[in-house]
Each structure stands twice: as structure tokens, then as C-alpha cells.
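A short reminder: the numbers here are calculations on the coordinates, not readings from a lab. Keep in mind the model is a prediction, meaning the values are calculated, not measured. Heads up, the Cβs are rebuilt from the backbone with ideal geometry, glycines too, and the neighbour counts pull from every protein chain shown.
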Amino acid sequence: MRAYWHDSRKPRYSLLVALPLFITYQVLEALEPATRSGGLRNGADVILETAFTRIAGARGPLLFVVCLIAIGLWLVVRDYARNGRDLRASVLALMLGEATLLSLGFGIVVSTITSQLVRPTAMLQSDVAQMSLATRLMLSLGAGLYEELLFRVLLVGTIAWAGQRLLGWRPLVAGLWAALIGAFVFSAFHYIGPYGDRLTTYSFVFRTVAGLAFSGLFLLRGFGITAWTHALYDAFLLLR
């Protein structure tokens, strides 16, 4: 188990286990019927892609995908070369099993903590019930993949790195500050745009607690398990 705990955080496992999320999301997104405002997509995906669109125009989305694949392959190859250990299917299977168990208990833990802080109220999912099964699955997978990439890898990872390297904080202090800031930004993100939810105290606190949980999981277990935990939790919630 010590070897599994160590290896499952490495890029060669973390990124490879997230690859099915990426492929399935891209396929479902491509099949999503287009409207006058474009096809429905995960908001974090749109934010990340916008930077490339401003640079490369109409070729921005393609450039974004190419860069994701290129960076991912580079990290996997570099990690494999440094560690010199064969890939083991058992590690990938255990990672998926761990993420499944975490996703099943995630909502219970987060809602219990939130209920101790504020009075529980219903969390409305606007327009979700009218969406097709494929659309809801696409949004669930996109949340796990792109929201973790944006809010945990880029935001929390950058803040934690800056706290340690630039401010001289201990890893625990830097991680706590990064998780807290990332959680507030993650929660606020869900109320932006035409598909944003109606802001309530309970939903904001719930998502802040969820953001803290995902940030802690990312810092402890890495990107792959966190992405699958998030995706499976959303899928269980939206597909029921």
C-alpha cells in the first residue's frame, strides 16, 4: 500500500487514469447540438480555452487540445524515465476503486459539515432536468476534468507553490491557504454565466466546503483520483 500511495500520485498514473475522462468529454462535447450561442460545455473548459482563442482565433480550441495532450505526454514520459518502473494495471484499477468509494461518501460528508454551519435548504440545479442524459454526463465529466485542472492544478497548485518558494511558508501552511482561497473561488464560479445557479447561503457554503475537500484531496492524492472523484460524484448526482 505504501508503493500504491506513492505511485498513484505520479504523473504517469495520475494523467493516464484521467485520459478516459478527457476522451469521453471531448467526444460528447463534439456531439452536443450547437445553438446560436454555441454548444453547451463545462464553464472551466470555456475559461481555459478562451485564453487560446484570444491568441489563435478560430484555431484556439484545437491549439488548446493539442497543448493539453502535448503537456500530458511530456509529463508522463518524463516521470516514466525518472522512475524507471513499469506501469501496473493494478495501480490504475485501485485508483478508480478509491475514487469511486470517495465519490460515494463525498456528498454525505460535505452536506453533513455544511448543515452544521448553516441551515439546510434545497440546492436547485437550474435547467439540468431538461438536459439529455448525454449532456448531463458530459457536464459531469467536464467538471471532474476541467474544474480540477483549473481550480486545483492551476489555482491551488500555484498558490501553494508560491507560498513555499516565494514566501517561505511551510508546506502545510501554504497548502491550507491555497485550499481556502481555491475553495472560495471555486464556489463563486458556480454562480457565473447564463447557466449559473441561484445564489443561496447554503449552496455557497456547501460548494466552499466541497472546494476545501477537493483541494485537500488533490494535495494528498494528486490530480487523477481527485478528477475521477469529482466526475463520479457529479455523475451520480446529475444522472439519478
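Worth a mention:
- Residues located in segment 140-170, provided they are of a type outside the set (A, V, I, L, M, F, W, C) and under 21 Å from the mean Cα position of the chain (by Cα): Ser140, Gly142, Gly144, Tyr146, Glu147, Glu148, Arg152, Gly157, Thr158
- Among the residues of segment 75-123, the one identified as without any contact (Cβ under 8 Å) to a residue 60 or more places away in the chain, surrounded by 12 or more Cβ atoms within 10 Å (Cβ to Cβ) and polar (S, T, N, Q) is Ser115.
- Qualifying residue in segment 172-192 (condition: surrounded by fewer than 19 Cβ atoms within 10 Å (Cβ to Cβ) and in a loop (DSSP other than H, G, I, E, B)): yes
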